[in-house]
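Colleague: Sharing a structure below in structure tokens format, with a few things to ask.
The values are calculated or read from the model by the stated rules, or taken from the named source; none is laboratory data. Since this is a predicted model, take the numbers as computed values, not measurements. In this analysis, Cβ positions are derived from the backbone assuming ideal geometry, glycine residues included, and neighbour counts consider all displayed protein chains.
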Amino acid sequence: MSLHSRYYYRGAATERRFIQLLRSRGFFAVRAPRSGKGYGVDIIAVKNGRAYLFEVKKRRDFTTIQIPREQYDYVKNVEETAKAPYLLTLYVTSLRAWYVRPITQPDSIADVTVSYKPNEKWLEISKFFDNIT
């Protein structure tokens with residue numbers, strides 16, 4: 001198995017785990033076609049008539065997440081077109097915890113990458129759920 005395939009399957013497993021969590025909280029949630037391939041949405045979820053779009057990441061520690069600037073520009077457009085919040089979701093394995101924040105509110109934007117630092121902008125997933133239920 002290639003390194004790319006290994007990362008793809010790990011990412012898909014994390015996405016499926018997040019879908020289970022969303023469903024346990026009353027969401028309709030599906031993994032988007034071609035998730036992990038390019039810049040598309042990983043998960044589409046709906047609750048109480050409101051749609052949410054998720055980009056799912058997994059890291060061992062709570063560290064800075066970087067995405068390509070091109071991907072950031074694309075997701076901003078998707079969020080505006082869909083009229084649905086596009087959320088960056090992070091599973092931190094060392095903490096065994098999920099965190100979420102708006103993907104369109106990064107900490108820094110450079111020519112090539114966009115960064116999301118470990119700070120107070122991240123919400124613990126339970127607080128996210130509390131805000132929408």
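Colleague: Among the residues of region 96-105, are any under 17 Å from PHE18 (Cβ atoms), loosely packed, with under 12 Cβ neighbours inside 10 Å and free of Cβ contacts under 8 Å to residues at least 40 places away in the same chain?
Modeller: Within region 96-105, the first condition is being under 17 Å from PHE18 (Cβ atoms), and the residues that meet it are 96-103.
Those still in the list that are loosely packed, with under 12 Cβ neighbours inside 10 Å too: 96.
After this cut, where a residue has to be free of Cβ contacts under 8 Å to residues at least 40 places away in the same chain as well, the list is 96.
Yes, some residue in region 96-105 is under 17 Å from PHE18 (Cβ atoms), loosely packed, with under 12 Cβ neighbours inside 10 Å and free of Cβ contacts under 8 Å to residues at least 40 places away in the same chain.
Colleague: Follow-up. Is at least one residue of region 107-121 in contact with a strand residue (DSSP E or B) (Cβ under 6 Å, 6 or more places away or on another chain), crowded, with 16+ Cβ neighbours inside 10 Å and under 21 Å from ALA13 (Cα atoms)?
Modeller: no
Colleague: Another question, then. Six or more apart or on different chains, Cβ under 8 Å: which pairs go from a residue in region 40-59 that's on the phi < 0 side of the Ramachandran plot and of a type in the set (Ser, Thr, Tyr) to one that's surrounded by fewer than 16 Cβ atoms within 10 Å (Cβ to Cβ) and in a strand (DSSP E or B)? Could you list them?
Modeller: Every condition considered, the pairs that remain are TYR52/VAL46.
Colleague: Taking region 67-89 as the search range and keeping residues that are out of contact with any Pro (no Cβ under 9 Å at 6 or more places or on another chain) and assigned to a strand (DSSP E or B), which one is surrounded by the most Cβ atoms within 10 Å (Cβ to Cβ)?
Modeller: THR89
Here is a yes/no grid of residues against (1) among the polar types (S, T, N, Q); (2) modelled with pLDDT of 95 or more:
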position	(1), (2)
THR93	yes, yes
TRP98	no, yes
ILE109	no, yes
THR113	yes, yes
TYR116	no, yes
LYS121	no, yes
SER126	yes, yes
ASN131	yes, no
